[in-house]
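Worksheet: the structure to be examined is printed underneath.
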Amino acid sequence: MSQLSSAEIEHYRQDGYVVPEFRLSAPRVKKLRMALDAVIMANPETRPEQLVSVHTEESGAEGVVGDKVFLELARNPQILDMVEQLIGPDIVLWGCQAFCKPPGDGMEVPWHQDGHYWPIKPLATCTVWIAIDDSVTENGCLRVIPRSHQEQRLHAHLKEDRTDVVLNQRVRDDYFDRSAAVDIELNAGQMSLHDVYLIHGSNPNRSTRRRAGLAIRYMPATSFFDRSAGLDASAGYKVDFSNRPLWLLRGEDRTGRNDFGVGHDQFAQPSNSRK
Ligand SMILES: O=C(O)CCC(=O)C(=O)O
């Protein structure tokens, strides 16, 4: 079934993002919120905005003990239908991160292009960003620069010498017009989808309400996930590209080079790493 209308697909193509009609039910959101709360408790050393690979239970080099409930969500057929309409029938799940901004000191996400951080060749990914809490201007919702993806090129990023930001590199100011920014306000359960070249970010959360979202990353299986990028800390926290599990969720690996074996040991046997 087609989840996205042709107007929604057109919006994604033209503006680089879309907020679809489709949303998760309240019980489903509640389950996600409970899982996220447990993950935050289980990872006291990790900032809740930096819960990388939150869909896997093995902490590995990235150091985050996640929960399979997020993996189940990433396999949701209705979400995959939308992703298929945007990136085609061959779909690889390669990442999933929770960005949870606590009230008061929730950290800023500087303006950036995702592709700047990722070893995907050719560069392509659709991110599905799902609101686990209401996400509005006041508590630091996702913000985008519409149409900034259109040239399909990466701009120079500057290193931020700050500790109060989620990612430590940001797009140089002269590459975009901040006044064009659009706040993507979502109720819990709603989602947005964005292109890998889109410039986006979010403000700090100075409000009294938490803002949590889950970013699920899907690439077309016409792209290659280059594990030689290894253990990377250029984002400001550890990301282990060499051991990241990939899932071919639909279609075929058209590159013939993606490795779907690495990082899957944890799924073959009962895990004893969960606290
Ligand atoms: O959640 C946020 O504020 C930022 C998310 C983001 O940068 C992403 O999903 O790529």
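Where a number appears in this text, it was derived from the coordinates with a stated rule and is not lab data. Keep in mind that what you see is a predicted model, and the values were worked out from it rather than measured.
Here are the numbers for the structure shown:
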{"read-out": "Exceeding the 24 Å Cα-Cα cut-off - candidates Lys68/Lys159; Lys31/Lys121; Lys68/Lys121; Lys101/Lys121; Lys30/Lys68; Lys30/Lys238", "value": "Lys68/Lys159; Lys31/Lys121; Lys68/Lys121; Lys101/Lys121; Lys30/Lys238"}
{"read-out": "Amide proton proximity set for Ile199, modelled H, under 5 Å, gap of 5+", "value": "Ile145, Ser148, His149"}
{"read-out": "Under-5 Å amide H pairs with Arg206, H placed in peptide plane, nonlocal only", "value": "Gly104"}
{"read-out": "Whole-angstrom gap from segment 175-249 to segment 101-169, using each part's C-alpha centre", "value": "6 Å"}
{"read-out": "³J(HN,Hα), Karplus 6.51/-1.76/1.60, whole Hz, each residue of segment 253-259, x for Gly, Pro", "value": "7, 6, 7, x, 10, 6, 9"}
{"read-out": "Ellipticity estimate at 222 nm from DSSP helix runs (n ≥ 4, -39,500 (n - 2.57)) divided over the chain, nearest 500", "value": "-5000 deg cm²/dmol"}
